[in-house]
Amino acid sequence: MVYTNDFVYRLDNIAQVRFFRYYYQTHDTRMTEMPKAYEPQQFEDDLYARWESAGAFTPENLPDFQNREPYTIVVPPPNATATLHVGHASMLAIEDVLIRYHRMNGKRALWIPGTDHAALATQNVVEKMIQKEEGVTRHDLGRAELVRRIEEFVESKRDRIKLQFRKMGASLDWTREAFTLDAPRSLAVRTIFKRMYDEGVIYRGDRVVNWCPRCASTLSDDELETKTRTASLYYFKYAKDFPITIASTQPETKLGDTAVAVHPRDERYQNLIGGVLQVPFGGSRGVVLHLRVVADHGVEKDFGTGALGVTPAHSMVDYGMAIAHQIPLVQIIGEDARMLETAGPDYAGMSVADARTKVVAWLRAEGLIEKEEETEQNVPVCSRCASEIIPLPKLQWFVNVNKKFSFKHSPRAPLAGIEAGSLVTLKETMRHVVETHQTAIIPERFEKIYTHWVDNLRDWCISRQIWYGHRIPVWYCVAQKTAECGAPICSIDDLLMCPHCNGAVDQDPDVLDTWFSSGTWTFTTLGWPYTRVIFVRHGEAWSNVNGVMDAEIFDAQNGLTPEGVAQALVCAGTLVREDAAIILASPVLRTKETAEILSEKLGLEIRFDERLREMATSENFNDRSESFMRDALEEFQGRTVIVVTHAATISLLKNYGVSSMETTEAYPAHACAVVREFDASGSQVGDLNVYHPNAVLETGYDILPNWVARMILMTTYALGEVPFRTVYLHGLVRDAEGRKMSKSLGNGIDPLDVIPKYGTDAVRLALLLGQSPGNDLRMSEEKIAGFRNFTNKLWNVARFILSSGDSCVVTASEIDELELTTLDKWLLSRFADVAAAFSGALERLEFSRAGELLRDFTWNELADWYLEGAKVEGGKSVVLNYVLQNLLKLWHPFMPFVTETIWQTAYAKDDNDFLMVAPWVDFGAMTLYPEAEHEFARAQRVIGAIRALRADYKVAAGAIVPVTIVTKFKQTLALQQPVIEKLARCVVLFADTAPDGQLATVIEEGTITIPKPEAVGDSPDEKIKLEAERDSVAHYIESLRSKLSNEEFVGRAPASVIEKERAKLAEAEERLAAIAERL
RNA sequence: GGACGAUUAGCUCAGUUGGUUAGAGCGCACGAUUCACAUUCGUGAGGUCACUGGUUCGAACCCAGUAUCGUCCACCA
């Protein structure tokens, strides 16, 4: 923890960052010598500070950013009060790989950071804290004070998680940081709420909801968990002479029964269906029930008694039945989980548990119980506090997922398959985008889970009876003096008085479900809602034709020409897709006529504004045009407005980014529309246009319904486009035994513990390799240590390369001009192969495969083979530099710190030359040498065979062994002789026959022998070894022969396969002959 | 009850449209220490690809069924 605080201090402190900048400007930070072991903690924080202060995370600082294709990811916002855990670390590692890869690949890569206010969770934490420390409840503090305390708490914690994100090396654009409860997001939430409310997609209704008595709040279906417990199932009658026996585990709820349901075809009850039975229940001071007997297909004849008591107010299922059969509802349990007066005077005020005991006692006393049995029962509990949920009726706000609304299209990336203006439901759009793969889910099987969830979706209860969060933007008139005052008023701005009677208003006390705001995350982080202003110049007027400049004087005659009318009509056509709120127009005749045409075609109201009039000669026009814009932007914030005005007027709105018109003339073309978007501060922005939809959403599969589905719902509704093209679902990180990491088990791995120990790069590798989408990942400290070793390996590869010659930047064409040995060609060819395969794997989001490929190349082929060979052949500086600098690029997305450190040491031209923004490896330009690959592979096999002989027969490790090779590949192998001799510690003699009395091994390349070493104690018998080998080869040949003599195989298998089998056979036969010769 | 996933070496997992004498890392065994790295190097042992059938010239891979484990959804009053 000391380490964490240290880091907080260093990055939190602006002075410190300035110091970095100063430090790096005035000091030569190049290492004179690389230390023997890589020490990550020596470089990581400094490097991150350098990247950040250089602005390298902001895409607009990338070279040629305007011409780059955008690539966007928004970080799934962690709770603002959370601390980094290994799940966050995994998420960040994956997303950072994507962002860094695409950034280096020439994309305008944007990764937006942010945190979530997590309304209910955060309030619970603070409430508990206050309860513990001060012994008071939220009701003691009051709403304003509690919210103040929570905000204070969030404020004190929010920076911690952000700094921890930095610790992971995440290249997030911190200049665009967002919070789900800040001002821009609040405006967005209110805007979308109002739109939904106005369209009837949001409604307020009295419905049975999930009530958590502990949290004193409603919960959505997705905030529930189930707990299994054993319960007594009582079989009983309501009264002695009651004709139907029912069964229940909660007899106390029967006090609220209003019906008895049976199966429609249950012959026992046919005569009772439709009737109402009146029966006293619960004792003399209990209640009198009026029970309708209804037939419902949901009732199973064979379960229990085949009949059930219906309690509409306190059961979701019963509530459904009550709606279907129009059965009345009686609430008998209150929000404090105590019985109400409606449960009868004997029960009122009792806890549910006590009431149950009392009812059961009464049933027993009356002899009404027929049977009692223990059953396993699943009960819903609150996912936050594990309290049992009580369903009860309550006036709540809902999102209607089955309400038809008029679909609005995005002008940017319209959804395919749903026409603009067509009537659809949220359920339909949610299903549609995934079904048509406009949003693809990886792994694919989660599409089924998603679709299933959508199909079973009920209206989404969005109000919560807590105090922290987005308060519902609805007000009620207190006095209700007029007839109109009764209706709730939804408003984006705070409402101060009733618009009908000017009386006082009360805001709805509830706040919104936290997922309502996080559902808007992909686009509200990009500045939505924008005010779109569409500037339209009037169509061609007679003054334009006649060349009259100061046309104001002829206004009454200066209308549109026929051409001008046509222009206005064309313009109207292009604006059909815009969901504009109003037309604001200059009152002059030509603009008036243009506006009227637009108004008619688009069905919009026109409001004329004097400030839009054409400029009079020598007038300072700026003041009135800008005053107009200020007012318009304020009044229509978040909406789209069409402004019909004059050329000069338009071109003078310099401060609003309108002067650079899309025309070659000094003035905009007639009736041309120029769209500008403005954020809440009135400045022109374009983030949404550039960066939405997001490229990828990367998150855990556990919040697919909660969050991913909600984002699809909100975004298709608000923007008419998908929030993201691809959803990548990662698994949960578990411990080495596969258990969920938890505080109580103490099995968690805290990233902040292991980062200082092994380095961020090692932690990232451990999270990236071995993980696959949708599957859980096992994590252990040993695994991280293994990747720490690899980080060090890479470091030492670089150390060796950089110490064996000058570092220099080398291009592919420079390499092609060199005299290359087979060894060089082998390496370069393998590298070209691996670079292409690695990039391909990343494009397909196969992180683990990509990482393994590159690790194997780096460790085995480069370090173990090429570097060793290079020591023999010498003079490899150029090839080595070339491979290293490209290898660093490939590794950078996975291991940003060690690669950048090496880059800064060896290749950076100046302090602002960062590997993280260097262009990706151009593997397409690399030359492949398939011949050399084969040839060097032969040398590798020979070296392996000699090493194996030495190990098998216990040849002293230091001894130089005379090796005899009988081979038909003498020419190829002779070229590699120095390498073979060094790497296998031997002297090679090529011969036509193998010398007698030596120990032999037979491989594809031929027979290899070494002299018998002295004092062979327990070494294995050569003959037995060879015989074993012979048998296995003979067996192999057997199977190949039978395959090749099978007519069906030869007849049906593809020629290439047969060819391969034949080659295998020939090789094996040769080998067998050589073995036989030795025996 | 429904759906989905997993089952390959002691452990963790690869295995791309069926063409494999089934791979990697860790662990294990044996050997190696001036000369980039012991956070290293070399060699090796270790597998009826859960089981049973089927399709196919050919199955770890496709199909059906079974078993075990896991996850999610829905729940029976």
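None of A:ALA239, A:ALA259 is hydrophobic (A, V, I, L, M, F, W, C), crowded, with 18+ Cβ neighbours inside 10 Å and touching a residue at least 40 places away in the same chain (Cβ under 8 Å) except A:ALA259. In the stretch A:410-421, the residue that is farthest from RNA strand B (Cβ to nearest atom) out of those that are surrounded by fewer than 19 Cβ atoms within 10 Å (Cβ to Cβ) and within 15 Å of A:PHE724 (Cα to Cα) is A:ARG412. For A:ARG1071, the conditions (1) basic (Lys, Arg); (2) at pLDDT below 90; (3) within 12 Å of RNA strand B (Cβ to nearest atom) are fulfilled apart from (2).
Of all residue pairs spaced 6 or more apart or on separate chains, those with beta-carbon atoms under 9 Å, a first member in the stretch A:293-305 that is farther than 9 Å from A:VAL262 by Cα and near RNA strand B (Cβ under 7 Å from one of its atoms) and a second member that is in a loop (DSSP other than H, G, I, E, B) and of a type in the set (S, T, N, Q) are A:GLY304/A:THR245; A:THR305/A:THR245. Where helices (runs of 4 or more DSSP H) fall wholly inside the stretch A:469-574, the ranges with 3 or more residues that are over 30 Å from A:GLU634 (Cβ atoms) are A:542-546, A:562-574. Residues in the stretch A:306-324 that are near RNA strand B (Cβ under 7 Å from one of its atoms) and either assigned to a strand (DSSP E or B) or under 16 Å from A:THR249 (Cβ atoms) (or both) were compared, and the one that is nearest to the chain's Cα centre (by Cα) is A:MET316.
Checking each residue in the stretch A:340-368 for being under 21 Å from A:LEU233 (Cβ atoms), in a loop (DSSP other than H, G, I, E, B) and aliphatic (A, V, I, L, M) picks out only A:LEU368. Among residues of the stretch A:782-806 that are within 13 Å of A:PHE897 (Cβ to Cβ) and of a type in the set (Ser, Thr, Tyr), those with a beta-carbon under 9 Å from a residue that is assigned to a helix (DSSP H, G or I) and more than 6 Å from RNA strand B (Cβ to nearest atom) at least six positions away or on a different chain give the pairs A:THR791/A:PRO40; A:THR791/A:TYR758; A:THR791/A:ASP761; A:THR791/A:ALA762; A:THR791/A:LEU765; A:THR791/A:PHE897; A:THR791/A:VAL898.
Taking A:ARG204 as the residue in question, decide whether it is in contact with a helix residue (DSSP H, G or I) (Cβ under 6 Å, 6 or more places away or on another chain) and away from RNA strand B (no atom under 15 Å from the Cβ). No: the conditions fail for A:ARG204. Of all positions in the stretch A:257-275, none carries a residue that is of a type in the set (Phe, Trp, Tyr), closer than 20 Å to A:ASN378 by Cα and not in a strand (DSSP E or B).
Take the conditions within 16 Å of RNA strand B (Cβ to nearest atom), assigned to a helix (DSSP H, G or I) and more than 30 Å from A:TYR101 (Cα to Cα) and apply them to A:ALA939. Does it pass? So A:ALA939 passes the test. Listed by first and then second residue, the pairs linking a residue in the stretch A:1010-1032 that is at pLDDT below 75 to a residue that is surrounded by 13 or more Cβ atoms within 10 Å (Cβ to Cβ) and part of a loop (DSSP other than H, G, I, E, B), with Cβ atoms under 6 Å apart and 6 or more places separating them unless they lie on different chains, are A:SER1019/A:TYR953; A:SER1019/A:LYS954. The helices (runs of 4 or more DSSP H) falling completely within the stretch A:50-162 that include 3 or more residues that are more than 30 Å from A:VAL727 (Cα to Cα) map to A:119-134, A:138-141. Being farther than 24 Å from A:LEU854 by Cα, of a type outside the set (D, E, K, R), at pLDDT below 90 and in contact with a Phe, Trp or Tyr (Cβ under 9 Å, 6 or more places away or on another chain) is a property that A:LEU719 lacks.
Among the residues of the stretch A:422-445, those that are more than 16 Å from RNA strand B (Cβ to nearest atom), farther than 15 Å from A:PHE724 by Cα and assigned to a loop (DSSP other than H, G, I, E, B) comprise A:SER422, A:THR425.
Are there strands (runs of 3 or more DSSP E) fully within the stretch A:953-1051 with at least 3 residues that are closer than 24 Å to A:ALA1063 by Cβ? List them. Hits in the stretch A:953-1051: A:961-967, A:998-1003, A:1006-1011. Just one of the listed residues (A:GLU605, A:GLU610) is surrounded by fewer than 18 Cβ atoms within 10 Å (Cβ to Cβ), charged (D, E, K, R), modelled with pLDDT of 85 or more and out of contact with any strand residue (DSSP E or B) (no Cβ under 8 Å at 6 or more places or on another chain), namely A:GLU610.
List the residue pairs whose Cβ atoms are under 8 Å apart, where the first residue sits in the stretch A:329-348 and is at positive phi, the second is surrounded by fewer than 17 Cβ atoms within 10 Å (Cβ to Cβ) and modelled with pLDDT of 90 or more, and the two are 6 or more positions apart or on different chains. From the stretch A:329-348, the pairs are A:ALA337/A:SER351. Being within 16 Å of RNA strand B (Cβ to nearest atom), modelled with pLDDT of 95 or more, within 38 Å of the chain's Cα centre (by Cα) and of a type outside the set (Asp, Glu) is a description that applies to A:ASN792. Of the helices (runs of 4 or more DSSP H) contained entirely in the stretch A:808-877, those carrying at least 3 residues that are within 16 Å of RNA strand B (Cβ to nearest atom) and not small (Gly, Ala, Ser) fall at A:822-843, A:847-856, A:867-873.
The values are calculated or read from the model by the stated rules, or taken from the named source; none is laboratory data. Since the model is a prediction, treat every value here as computed from it, not as a measurement. Neighbour counts are summed over all protein chains in view; Cβ atoms, including those assigned to glycine, are modelled from backbone coordinates with ideal geometry.
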